[in-house]
Amino acid sequence: MLSPLSDELAASISGNDTLRTAVKTFRDGLNDATIADLDAFKGLSQSAAESAGLKMGAFMKPLRLILTHREVGADLFGTVHLLGAQRCSVRLDSFLS
């Protein structure tokens, strides 16, 4: 079970329209193929960041928070691969709603 984000962490990512744009782009491109291939995952992440005018690092930390509710952890590609596209999509949709 995913533990809830602390109020402080939730506040750090909520209400940010730039981040929402990047997350929506990432969500729209997420599928089994993109989480199975490192280059495809990196390409999707880069495209999502660029769609909102963000640098990769400025996008990856919030993406990790949205998907895992943690600031640090294992490689995000591996984590996303283990979670699967469907579970990741649910978590991304929850953030976007």
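Each reported figure results from applying straightforward, stated rules to the coordinates on display, with no laboratory input. Bear in mind that the values here come from a model prediction, so they are computed numbers and not experimental data. Positions of Cβ are backbone-derived with ideal geometry, glycine not excepted, and every protein chain shown enters the neighbour counts.
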Pairs only if they're at least six apart or on different chains, beta carbon under 6 angstrom, first in the range 32-48 and charged (D, E, K, R), second assigned to a helix (DSSP H, G or I); list them, first residue then second. Asp32/Ala85
Within the range 44-54, is even one residue hydroxyl-bearing (Ser, Thr, Tyr), over 10 Å from the mean Cα position of the chain (by Cα) and more than 15 Å from Leu92 (Cα to Cα)? yes
